[in-house]
Amino acid sequence: MKINKVDHIGIAVKSIVKALPFYEEVLGLRCIGVETVEEQGVKVAFLAAGETKIELLEPLSEKSPVSMFIKKRGEGIHHLALGVESIEARLAELKEKGIQLIDETPRAGAGGASIAFLHPKSASGVLLELCEKKGGAFHAGN
């Protein structure tokens, strides 16, 4: 399997408005876009950090997966997203290798990406996201 790059690091936050000043004013990162992804139950802010992005994830409701994550573990790193090509083929390859998948088929993610998650049980406790960009708005350097 070929990984092109670390696309982004997802960080669960209770409030993007409250979290953003730290990343912009203290770390000097630039917010390159904010978007609501209803299907995922989150509001997302992307910050450019070189070729990798930081993705702040704010839950839209108490029932969203990110809200449940925050209740269980608190704010912090939620997932690591790996940039791939041909996401469907990568998922088939992983499934063939016995990797437990949360998503067996890609779904729509922020910035026009196709995404799919691997179960943390298959990755030493880390929630991994495969991410295939298809000309979306949130590319580092935009």
Of the residues in segment 12-40, those that are surrounded by 19 or more Cβ atoms within 10 Å (Cβ to Cβ) and either closer than 22 Å to PHE117 by Cα or in contact (Cβ under 8 Å) with a residue 60 or more places away in the chain (or both) come to ALA12, VAL13, GLN40
How about segment 1-40: which of its residues are assigned to a loop (DSSP other than H, G, I, E, B) and at pLDDT below 95? MET1, LYS2, ILE3, ASN4
Return the residues of segment 56-78 that are touching a helix residue (DSSP H, G or I) at 6+ places or on another chain (Cβ under 9 Å) and outside any loop (DSSP other than H, G, I, E, B); say none if nothing qualifies. LEU56, LEU57, GLU58, PRO59, PRO65, VAL66, GLY76, HIS78
Check on ALA116, assigned to a strand (DSSP E or B) and either in contact with a Gly (Cβ under 9 Å, 6 or more places away or on another chain) or not β-branched (Val, Ile, Thr) (or both): yes
The number of residues in segment 94-129 that are within 17 Å of GLN40 (Cβ to Cβ), among the hydroxyl-bearing types (Ser, Thr, Tyr) and surrounded by 14 or more Cβ atoms within 10 Å (Cβ to Cβ) is 1
What are the residues in segment 96-113 that are assigned to a loop (DSSP other than H, G, I, E, B), out of contact with any Lys or Arg (no Cβ under 8 Å at 6 or more places or on another chain) and not basic (Lys, Arg), if any? GLY98, ILE99, ILE102, ASP103, THR105, PRO106, GLY109
Does LYS53 qualify as being of a type in the set (Lys, Arg), at pLDDT 95 or above and assigned to a strand (DSSP E or B)? yes
How many residues does segment 44-54 contain that are over 11 Å from the mean Cα position of the chain (by Cα), of a type outside the set (S, T, N, Q) and surrounded by fewer than 22 Cβ atoms within 10 Å (Cβ to Cβ)? 4
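The values are calculated or read from the model by the stated rules, or taken from the named source; none is laboratory data. Computed from a prediction, not measured in an experiment: that's the story for all the values here. In this analysis, Cβ positions are derived from the backbone assuming ideal geometry, glycine residues included, and neighbour counts consider all displayed protein chains.
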